[in-house]
Every structure is written in C-alpha cells, then in structure tokens.
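Everything on this sheet refers to the single structure shown next.
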Amino acid sequence: MLHTAHGDVPTPVFMPVGTAGTVKGMTADAVRSTGAHIVLGNTYHLMLRPGAERVARLGGLHKMMDWPGPILTDSGGFQVMSLSGLRKMDADGVTFQSHIDGAKHRLTPARSIEIQHLLDATITMSFDECTPFPATHEEAAKSMRISMDWAARGREAFVPREGYGLFGIVQGSTYADLRAESVKALTDIGFEGYAVGGLAVGEGQQMMFDTLDVTVPLMLHDKPRYLMGVGTPDDLLGAVARGIDMFDCVIPTRSGRMGRAYTSGGVLNMRNARHADDAGPLDPECDCPACTKHSRAYIHHLIKAEEMLGPMLLTWHNIRYYQRLMQRMRDAILAGRLAEESAAIRAGWAAA
C-alpha cells in the first residue's frame, strides 16, 4: 500500500494515462468508477498548454481535472528526447521547440521539478534522458550517467512535503552492469520510490523481462518500484511476478480509440464483421457500462459509424479491465497464489 497526501494506493497498481490533464474520452467520475486509484499527467504537455504557472493559479491539477486522488507526473524527459530534430541537449538540460507552435523552451532537472511542484503532483519523477534502443554499451553508459547527475540535481530542487514524493529512474538500457550502477547511484541519493525507465522502447518482452530479472532484485524492497510505460496485460502479469508495484501505459486508452477491447477471452477487434449480429456482451465477466448495457453488435455499429460513443465505451471498458486485472493480482498475492492466478488468466486468453 502506498500512502500519499491525496489518499492510499493499493499495489500493484495500474495508472490510467491523463497526459494533458484528462484521460482521453473519460470524465473523472468515469475514471473513478473503473476502480482507478491514481492517474498520470505529463510535464512536457502541461508546461506547453495550458502552462504550469496557469495551472497553479487555477488551484492545481487536482482541482482542474476534478481528481482529488493521487497524481503522478512524468518528468517530460521521454517526450523531449523523442523530438529529435527539435531539441538540443547539453550537460545541464535540454533546449527544445514546442511541437505546437515552435516556441523555444528549456527544461533542466530543477525546472522539471519546479513545474511538477506547480502542478501539485503527488509523485514527481526525476528528469532523465530516456536512452534509445538499440544503444551501444558506451552510448547507454553516457546516457545513464547524465540521468544520474540530473537525478541528484532534481533531488536538491525537490521541496519535501508530507505525503509527497520524488522517484528516481533507473536507466542503463539492457546492460546488467549499467542497470546495477544506476540502481546504486539512485539508492545513494535517496528517493521515496524508484522507477525502471528505458524499457518498452522496442527491445521486446523477453529482453524486458530479462532486464527486470537483473534490476529489480537490486532495488530497495521497502520502496515502491514503478515500470514506466508498460504495457499489455501479459506484460503486467510478468512484471508483477518480478516485483513491480506500479505501471502506466496508453495501451488501454489508445486501443479503445482504435476499436480494440481487452477481455477475459483475449483481445477483440470491434471493427470485425463477426460482431455485427452478436447480441452478447464484450466480456461477460466485466461490470462496466459497455458490457452491462450494450451488445457487441451495438459497439461494432458505433465503431463502424465513427460515433464518438464507441471509443468512449471501449476506453471505459479497457481501463476497467486493467483495474480488474490488478485487483485479481492483489488478491492472489495476499492469498499466496499469484502464479496460479496468472496461469488461469492466460488460459482464458488462449481458450478464446
């Protein structure tokens, strides 16, 4: 259990992604109804629009988005690094052009922490460089050591408050020695939690799991461990088994907008004609509005007709599915049956 100034969070937990202060296609009440305890916002997007200072003047992100519960904010490092031709990095930070209007901005470890403070983030993330994949050992080492320097600077800039925390981010690509070096550096600095970054960037599931196998055992076991940007339901099962406590990913929301539904019987493409006359629910095990009030045929119709309700219902369903999945894992951990429960969940997917 994670105790914060904005409420308790049972772990393992999945955080719906609300990049720009909203989970796309969902009201805050709808997100709450799925069983979500914490959501994610993003420094890069919110600093550009509407602006961190404006958010602070308007009462903070919790008030703006009607989410009094915990909010974790990604530092903006991943988005800035993905700008390639629009950014220039140096030892102290990154200068970049906005993808919205081309205006020039500067992000440093201290400024990233300041922005997250203005947003009133419950959990602040260290500003880091997300190492691209693939990377040579030399490239990964240089990138990781820059991130460790920035982590120390961010720690100095963070304003400690009861119930708030700053997480460090372990980097080092898929190299075991670099991951170990990064874990030690962050542990020496000291954080309220620790994240594993730089995965789910093209390395594949097995390599991700292999990296977790050599990284997680080195991380403090009395602090939350967060795997950033992951992932599919199968990814979550494998990562929880390896000791990960927290997750975020755009997959359930993005898939909903694309007409895909995650169910106890596997993934459904609701564009497929086979659903056109199906009066049954998306998932008979699910209690969300998409499953209890509507048929597969109706949702198929909405998706084909490009009615906005279709993606909204599928997004609602997918987030609820992820929350139900995490609840099953929490219950299984308490009962000492995680391996058996994970096998049963996978068997349901395979039987479809």
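Values in this text are rule-based calculations from the coordinates and carry no lab data. Note that the structure is a prediction, hence the values are computed from the model and not measured. Here Cβ is always computed from backbone atoms with ideal geometry, including for glycine, and neighbour counts include all displayed protein chains.
Can you give the charge dipole size of the stretch 259-351 about its Cα centre, rounded to the nearest 20 debye, using +1 on the beta carbon of Lys and Arg and -1 on the beta carbon of Asp and Glu?
Details: 12 positive and 10 negative charges, 33 e Å.
Here the stretch 259-351 has a charge dipole of around 160 debye.
Convert 25 °C to kelvin, take the viscosity as 0.890 mPa s, use the Kirkwood radius over C-alpha pairs of the stretch 51-99 as Rh, and evaluate the Stokes-Einstein diffusion coefficient in µm²/s, rounded to a whole number.
The estimated diffusion coefficient comes to 189 µm²/s.
How long is the gain from V267 to R32 if the chain were fully straight, where each residue apart is worth 0.36 nm and the alpha carbon distance is subtracted?
82.2 nm
If R0 is 22 Å, what FRET efficiency do you get for D149 and T187 from their C-beta distance, rounded to 0.05?
0.90
Which one of M207, M125, M312 has the biggest mean-square fluctuation once the chain is modelled by GNM with Cα springs under 10 Å?
Largest GNM mean-square fluctuation: M207.
Restricting attention to the chain, give the cysteines that have no other cysteine Cβ less than 4.7 angstrom from their Cβ.
C130, C249, C288
Within the chain, which is the longest segment containing none of the GluC sites (Glu not before Pro) that sit in a DSSP loop and have at most 10 other Cβ atoms within 10 Å?
Counting only loop sites that pass the neighbour cut-off, the longest clear stretch is 1-161.
Rounded to the nearest 500, what is the chain's calculated 222 nm mean residue ellipticity when only DSSP H runs of at least 4 contribute -39500 (n - 2.57) each, over all residues?
It comes out at -13000 deg cm²/dmol, rounded to the nearest 500.
Expressed in nm², what is the orientationally averaged projection area of the convex hull enclosing the Cα positions of the stretch 259-351?
Across all orientations, the stretch 259-351 yields a mean hull projection of 5.7 nm².
As a test of the definition: which semi-axes, in Å, follow for the stretch 122-202 when you take the square root of five times each eigenvalue of its alpha carbon gyration tensor? Largest first, please.
23, 12, 10
Return, for the Cα atoms of the chain, the radius of gyration and Dmax in Å, separated by a comma.
So, for the chain, Rg and Dmax equal 20.2, 60 Å respectively.
Put +1 on the Cβ of every Lys and Arg and -1 on every Asp and Glu Cβ in the stretch 2-249; which of M207, A5, L118 then has its Cα farthest towards the positive end of the dipole?
Sorting the options by dipole projection puts first L118.
Along the stretch 246-262, what does the Karplus equation 6.51 cos²θ - 1.76 cosθ + 1.60 (θ = phi - 60°) give for ³J(HN,Hα), rounded to whole Hz, x for Gly and Pro?
9, 9, 8, 5, 7, 3, x, 6, 5, 4, x, 5, 9, x, 10, 10, 8
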